[in-house]
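Engineer: Below is the structure I would like to discuss, written out as structure tokens.
The values are calculated or read from the model by the stated rules, or taken from the named source; none is laboratory data. Worth saying up front: this structure is predicted, and the values here are computed from it rather than measured. Because the Cβ atoms are built from the backbone with ideal geometry, glycine has one as well, and the counts that use them run over all protein chains shown. These area figures cover heavy atoms from the full protein model, side chains too; ligands, DNA and RNA do not enter into them. Shrake-Rupley method; radii C 1.70, N 1.55, O 1.52, S 1.80 Å.
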Amino acid sequence: MILAIDQGTTGTTCFVVDTDGEPVGRAYREFQQFFPQPGWVEHDAGEIWATTRAVALAACDDAGVDPADLQAVGITNQRETVCVWDPATGEPLHRAIVWQDRRTAGMCDRLRQEGHEPLVRERTGLVLDPYFSGTKMAWMLEHAPELRERAARGSAVFGTIDSWLLFQLTGEHVTEPSNASRTMLFDLRTGAWDPELCELFGVPMRSLPEIRPSIGGFGRVREGVLGGATCPVGGVAGDQQAALYGQACLDRGEGKNTYGTGSFVLLNTGMAADAPGGRPVVHDGLITTVAWQIGARTVYALEASVFATGAAVQWLRDGLRIIDSAGETEGLAGSLSSNDGVYLVPAFAGLGAPHWDPYARGTIVGLTRGSTRAHLARATLESIAFQTVDAVRAMEHASGEDLRVLKADGGATANRWLMQFQADVLGVPVVVPAIHETTALGAAFLAGVGVGVWSQRDVAATWREAVRYDPAMSRDEAEALHVGWADAVSRSLRQVVPD
């Protein structure tokens with residue numbers, strides 16, 4: 001049995017997966033979100049660990065499995081979120097700054113004006129944006145009392161969520177390349193922390209975790225941490241890379257989209273040796289990231305990141321309170337024959353790919369006296385699909401290849417109206433796998449391969465199609481709808497004046 005920990009932005013899910021790759025136990029729990037100022041998003045790292053531990057034990061209980069019988073643990077996680085803690089006590093020294101947080105937009109502007117963006121882009125494959133971890137660490141070092149001095153002498157260490165969970169589970173301060181490649185401190189060419197970038201952001205290298213391959217040894221679970229479990233942590237990857245693995249996109253040219261708090265399209269681009277010039281491919285408007293590392297073999301991916309998709313539905317529920325559950329949106333959207341010109345751009349924390357505008361803000365256009373909550377629900381679902389179209393089009397332009405099918409996973413795949421609309425406006429089939437929770441499944445597979453339970457061939461053989469949505473809308477109608485969307489996006493850009 002393999003325990004898969006999927007530590008997400010709004011909650012933690014754990015699965016117990018049997019040797020056939022089937023989930024046999026599950027548990028989930030949300031945790032608190034903190035919004036100290038507009039555009040700021042924080043988590044309590046201690047609460048994340050406590051929630052994760054409780055959910056892991058609950059999943060074992062649901063499966064009827066004694067934790068002592070686990071063969072391995074796999075971890076996948078919200079990626080760019082940064083924790084800082086005392087390595088002697090394990091106590092957090094500041095709230096975690098979440099990937100959605102935009103407080104460092106001004107810092108990114110300054111670094112861009114000083115001419116540093118080409119260096120960051122070339123070394124890391126990323127753009128200078130508050131989304132990534134480096135400026136979050138720099139902000140903590142600047143604003144948290146005595147943190148800079150503590151980091152310099154080794155009594156404060158940084159890590160993304162995977163590193164935080166690994167420390168709590170095993171006592172080791174480690175990470176792996178798919179998460180490290182999201183920090184703006186990692187050199188894609190060397191696979192190591194980059195001294196020049198660490199100096200640029202003022203982050204002491206000694207405060208960063210050791211980087212190990214995504215599949216292999218991360219240490220063993222300490223006695224008493226997860227009941228009687230003492231098994232190895234066999235595999236770790238950031239959530240979108242784990243989903244790519246769980247969707248069995250193991251070969252160059254295969255890709256997927258995960259619908260979660262945000263949406264993330266990833267395309268496997270193979271090893272650097274497969275690309276022209278023998279270097280990872282970097283394209284404007286897209287992110288180049290490590291997909292995973294197995295031994296010395298590093299696989300890369302192109303990524304288009306969309307910040308607010310499921311979060312927009314959550315806003316309807318928790319912010320506007322016009323729905324009681326996300327599932328209501330399907331019926332509300334389907335009750336209308338058209339969107340009647342109402343568009344929502346959910347730029348609540350700026351816009352990601354392909355715009356990369358931290359100063360964009362949420363915008364609704366086309367409202368009339370006849371607009372209802374059904375129009376807002378439909379506009380929200382349409383925004384998820386349109387943002388995915390924009391991401392895919394940028395990826396097609398970069399790769400020079402048209403997408404033939406979109407493998408889809410994540411919570412929103414349960415919304416049949418959305419999946420059909422996605423196929424309609426994208427113009428290609430949308431395929432949903434038999435096991436929807438491919439992020440957690442990817443973590444389980446990484447861990448299972450890491451301890452020899454499965455081979456990569458076994459991983460590919462487990463993927464099965466459950467539902468296929470074929471396009472049913474004319475291309476003229478789809479294009480007309482997208483023109484309205486593009487106009488709404490143009491109105492949302494750079495609404496906040498930089499400091």
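Engineer: If you go through the range 391-398 one residue at a time, do you hit one that is part of a helix (DSSP H, G or I), open to solvent by less than 10 Å² (accessible area, probe 1.4 Å) and on the phi < 0 side of the Ramachandran plot?
Structural biologist: The answer is yes; a qualifying residue exists.
Engineer: Among the candidates A478, A472, which residue alone is without any contact (Cβ under 8 Å) to a residue 60 or more places away in the chain, in contact with a Leu (Cβ under 9 Å, 6 or more places away or on another chain) and over 30 Å from G235 (Cβ atoms)?
Structural biologist: When all the criteria are applied, what remains is A478.
Engineer: Given the options A440, A472, name the one that is open to solvent by less than 20 Å² (accessible area, probe 1.4 Å) and touching an Asp or Glu at 6+ places or on another chain (Cβ under 8 Å).
Structural biologist: A440
Engineer: Test G235 against the criterion of being modelled with pLDDT under 95 and either surrounded by fewer than 19 Cβ atoms within 10 Å (Cβ to Cβ) or of a type outside the set (A, V, I, L, M) (or both), and give yes or no.
Structural biologist: It is false that G235 is modelled with pLDDT under 95 and either surrounded by fewer than 19 Cβ atoms within 10 Å (Cβ to Cβ) or of a type outside the set (A, V, I, L, M) (or both).
Engineer: Here's something else I'd like to know. Of the residues A50, A27, which is in contact (Cβ under 8 Å) with a residue 24 or more places away in the chain and either surrounded by 15 or more Cβ atoms within 10 Å (Cβ to Cβ) or part of a helix (DSSP H, G or I) (or both)?
Structural biologist: A27
Engineer: For residues that are polar (S, T, N, Q) and crowded, with 24+ Cβ neighbours inside 10 Å, scanning just the range 105-134, find the one that is farthest from the chain's Cα centre (by Cα).
Structural biologist: My answer is T124.
Engineer: Between D284, D251, which is out of contact with any strand residue (DSSP E or B) (no Cβ under 6 Å at 6 or more places or on another chain), open to solvent by 50 Å² or more (accessible area, probe 1.4 Å) and under 22 Å from Y359 (Cα atoms)?
Structural biologist: Selected residue: D284, the only one of D284, D251 that is out of contact with any strand residue (DSSP E or B) (no Cβ under 6 Å at 6 or more places or on another chain), open to solvent by 50 Å² or more (accessible area, probe 1.4 Å) and under 22 Å from Y359 (Cα atoms).
Engineer: All but one of (1) surrounded by fewer than 20 Cβ atoms within 10 Å (Cβ to Cβ); (2) at pLDDT 95 or above; (3) in contact with a Leu (Cβ under 6 Å, 6 or more places away or on another chain) hold for T329; state the number of the condition that does not hold.
Structural biologist: Exception for T329: condition (1).
Engineer: Pairs under 7 Å by beta carbon, first residue over 14 Å from G216 (Cα atoms) and among the polar types (S, T, N, Q) in the range 168-183, partner assigned to a helix (DSSP H, G or I) and open to solvent by 10 Å² or more (accessible area, probe 1.4 Å), six or more apart or different chains?
Structural biologist: Listed pairs, sorted by first residue: Q168/W49.
Engineer: Follow-up. Name the residue that is surrounded by the most Cβ atoms within 10 Å (Cβ to Cβ), counting only residues in the range 1-24 that are part of a loop (DSSP other than H, G, I, E, B) and among the charged types (D, E, K, R).
Structural biologist: Filtering the range 1-24 for residues that are part of a loop (DSSP other than H, G, I, E, B) and among the charged types (D, E, K, R), the one surrounded by the most Cβ atoms within 10 Å (Cβ to Cβ) comes out as D18.
Engineer: For R378, indicate whether it is open to solvent by less than 50 Å² (accessible area, probe 1.4 Å) and more than 30 Å from E254 (Cβ to Cβ).
Structural biologist: For R378, the condition - open to solvent by less than 50 Å² (accessible area, probe 1.4 Å) and more than 30 Å from E254 (Cβ to Cβ) - is met.
Engineer: Among the numbered criteria (1) open to solvent by 10 Å² or more (accessible area, probe 1.4 Å); (2) closer than 21 Å to A229 by Cα, which single criterion is violated by R102?
Structural biologist: It is condition (2) that R102 fails.
Engineer: If you don't mind, there's one more thing I want to ask. Quick one: Q420 ticks every box in (1) touching a helix residue (DSSP H, G or I) at 6+ places or on another chain (Cβ under 7 Å); (2) at pLDDT 95 or above; (3) within 30 Å of T10 (Cα to Cα) except a single one, so which number is it?
Structural biologist: (1)
Engineer: Another one. Scan the range 222-243 and report the pairs whose first residue is closer than 27 Å to D409 by Cβ and whose second residue is among the charged types (D, E, K, R) and surrounded by 24 or more Cβ atoms within 10 Å (Cβ to Cβ), with Cβ atoms within less than 6 Å and a gap of 6+ or a chain change.
Structural biologist: Close Cβ pairs satisfying both conditions: V236/D162; V236/E176; G238/R79; A243/D409.
Engineer: Something else: Please state which of the following conditions V73 fails to meet, knowing it meets all the rest: (1) open to solvent by 10 Å² or more (accessible area, probe 1.4 Å); (2) more than 28 Å from R150 (Cα to Cα); (3) in contact with a strand residue (DSSP E or B) (Cβ under 7 Å, 6 or more places away or on another chain); (4) touching a residue at least 40 places away in the same chain (Cβ under 8 Å).
Structural biologist: With respect to (1) open to solvent by 10 Å² or more (accessible area, probe 1.4 Å); (2) more than 28 Å from R150 (Cα to Cα); (3) in contact with a strand residue (DSSP E or B) (Cβ under 7 Å, 6 or more places away or on another chain); (4) touching a residue at least 40 places away in the same chain (Cβ under 8 Å), V73 is out only on (1).
Engineer: Could you check the range 293-312 and list, in sequence order, the residues that are in a strand (DSSP E or B) and over 14 Å from the mean Cα position of the chain (by Cα)?
Structural biologist: The answer is Q293, I294, R297, T298, V299, Y300.
Engineer: Can you pull out the residues in the range 436-459 that are farther than 18 Å from T258 by Cα, of a type in the set (G, A, S) and in a helix (DSSP H, G or I)?
Structural biologist: Of everything in the range 436-459, those that are farther than 18 Å from T258 by Cα, of a type in the set (G, A, S) and in a helix (DSSP H, G or I) turn out to be A447, G448, G450.
Engineer: Something else now. Return the only residue of V313, V299, V342 being farther than 20 Å from Q33 by Cα, at pLDDT 95 or above and among the β-branched types (V, I, T).
Structural biologist: V342
Engineer: Pick from R369, R361, R373: which is surrounded by fewer than 24 Cβ atoms within 10 Å (Cβ to Cβ), over 20 Å from D470 (Cα atoms), of a type outside the set (S, T, N, Q) and free of Cβ contacts under 8 Å to residues at least 12 places away in the same chain?
Structural biologist: That would be R369, the only listed residue that is surrounded by fewer than 24 Cβ atoms within 10 Å (Cβ to Cβ), over 20 Å from D470 (Cα atoms), of a type outside the set (S, T, N, Q) and free of Cβ contacts under 8 Å to residues at least 12 places away in the same chain.
Engineer: Which of the residues belonging to the range 156-201 are part of a loop (DSSP other than H, G, I, E, B), among the small types (G, A, S), open to solvent by 10 Å² or more (accessible area, probe 1.4 Å) and modelled with pLDDT of 95 or more?
Structural biologist: Answer for the range 156-201, where residues must be part of a loop (DSSP other than H, G, I, E, B), among the small types (G, A, S), open to solvent by 10 Å² or more (accessible area, probe 1.4 Å) and modelled with pLDDT of 95 or more: just G171.
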